[in-house]
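Data block below; observations after.
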Amino acid sequence: MTQDDKKPVGHQYALAMLAGGEKQVRTLAEHAGSQLTLDAFLRVQDENPVPAFLHSALCAMSLPTKRPKDEFEPIIREDGRYALAINPRPVLQEIDGKRVMKSLGVPFGSYPRVALIYMLSQAVQQRSRDVYLGRNFTDWMRRLGYQTISYGPRGTANLMKQQVDRLLACEWQIRWDGADTDQNAFAVRDVKISSEYAGSLDKDGAFAREIRMSEVFYQHLVEHAVPLNEVAIRELKGAPTALDLYTYLAYRLPRVTAERGQALSWDQLAKHLGNAADSKRFRQTVRETMQLVTSVYPNANVDVSGRKVVLYPSPAPLEKKLVGAHLRLVGIEPRSKRKALSKRTGEAEGRAKTLPEVETLAFPSGSLQYGKREEAFLRIGREKGTPWDVDLMASQFRSGCPDFERPRTEKEWLRIWESFVISYAKRRAAHQ
């Protein structure tokens, strides 16, 4: 087995895509991976990323993957400086013609994960704590791949509705003891995702509900939203463990700074994911699931082959470009050797050609929402500055950037802009 054969299949697909495009990916898939991972990889590569969001605490601590033995007991997740408690509070229900207070139970499975990402994404993107779960919600289910929206007792819409009801009826407690310089300690106690709980299916089978997030939860979400790719969520929507691994890595990997990576035990990862399976079975499940996760998040640099899980610095999942030290074409000389070879070749040819001068430009004027060149700046603003308005940040950048009028290379502008956006987002979050 070669070193590349040990890589997760998503990494291998990415290397094949870099080397020879889709044809080489399909050739690789004939003896590595599966039709499921191949289709997921190609669909994610074919589409531009669509921003989605989840609270950082919910990325680090997961809901139950299946119905708990006692679904009416609170769920408590903790590991070191993380703690999450989900308490299924009683709500008013009509049973046999009588109104009674009864708990619906805790949310579990893939449906509440998908619904939660939808609700929190809407709140962050619309800059509003009012989220509409009517026709748009059903349309969104279709967009995620629920092609047949059925309303029978075991229909997809009804199953989703039941889990949404459970989500909205629960009270949450979140505690996070920040250890790194960019992670502030915080605690949110006894809050509900929604401050208004009402509604059910209409007679025609359509959702008819608008929820208003509690102010405390909404403000906390805005400060601690983790960007995800909705296109990837679509591919993982039926696999709760895959969703958990994806959201956990989306939160953790971009925050790893040590080149040698950060190690955690398998027991620690199991606590994060709320998995009670025996250690051997859990490792096997994660290693198998990681094949699909890396297919939709090929930039995720994580090693699950050893006695410990090692997380390495990786771009956020919204980064479409295949980058990272773990993605290197086999057989390509290192850059230093290529440079030396080019120099020798140039000397042998008597330096017949000279390198062109690097073009310098001004920072884009006007809105960053439009234009081909503006796309790179817009992407940085959205990924690094969420949830703040990109054009507002650009205006502040133009007025505060030292020596702003001096032309720079595009690479230099992007580097300075990214540094400013990160700093701006931290300052704004600290004053909220």
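The values are calculated or read from the model by the stated rules, or taken from the named source; none is laboratory data. In this text the structure is predicted, and so the values were computed from the model without any measurement. As a convention, Cβ positions derive from the backbone with ideal geometry for all residues, glycine included, and neighbour counts pool all protein chains shown.
Of note:
- Selection of the stretch 374-427 for residues being in contact with a Cys (Cβ under 8 Å, 6 or more places away or on another chain) and more than 18 Å from residue 360 (Cα to Cα) yields only 420.
- Residue under evaluation residue 250, criteria (1) buried (at least 22 other Cβ atoms within 10 Å of the Cβ); (2) out of contact with any Cys (no Cβ under 8 Å at 6 or more places or on another chain), criterion not met: (2)
- Restricting the stretch 294-333 to residues that are at pLDDT below 70 and farther than 17 Å from residue 44 by Cβ, the residue that is surrounded by the fewest Cβ atoms within 10 Å (Cβ to Cβ): 331
- Qualifying residue in the stretch 345-366 (condition: at pLDDT 85 or above and buried (at least 16 other Cβ atoms within 10 Å of the Cβ)): yes
- The single condition from (1) modelled with pLDDT of 90 or more; (2) over 19 Å from the mean Cα position of the chain (by Cα); (3) of a type in the set (A, V, I, L, M, F, W, C) that residue 242 fails is (2).
- Criterion: crowded, with 16+ Cβ neighbours inside 10 Å, of a type in the set (D, E, K, R) and either out of contact with any His (no Cβ under 8 Å at 6 or more places or on another chain) or modelled with pLDDT of 55 or more (or both) - qualifying residue of 175, 189: 175
- Complete set of residues in the stretch 369-400 that are among the β-branched types (Val, Ile, Thr), in contact (Cβ under 8 Å) with a residue 24 or more places away in the chain and assigned to a helix (DSSP H, G or I): 380
- Among the conditions (1) in a helix (DSSP H, G or I); (2) farther than 21 Å from residue 38 by Cβ; (3) of a type in the set (A, V, I, L, M, F, W, C); (4) modelled with pLDDT of 90 or more, residue 263 misses just one, which is (1).
- Yes/no for residue 124 being assigned to a strand (DSSP E or B), modelled with pLDDT of 80 or more, farther than 14 Å from residue 86 by Cα and hydrophobic (A, V, I, L, M, F, W, C): no
- Tabulated pairs, the stretch 5-17, first in the same structural domain as residue 32 (by TED's automatic domain parsing), second modelled with pLDDT under 85 and in a helix (DSSP H, G or I), C-beta under 9 angstrom, 6+ apart or interchain: 11/4; 12/4; 12/5; 15/4
- When the stretch 290-311 is filtered for residues that are among the aliphatic types (A, V, I, L, M) and assigned to a strand (DSSP E or B), the ones remaining, listed by number, are 302, 309, 310, 311.
- For the residues 406, 415, the requirement of being free of Cβ contacts under 8 Å to residues at least 40 places away in the same chain, exposed (fewer than 12 other Cβ atoms within 10 Å of the Cβ) and not polar (S, T, N, Q) singles out 406.
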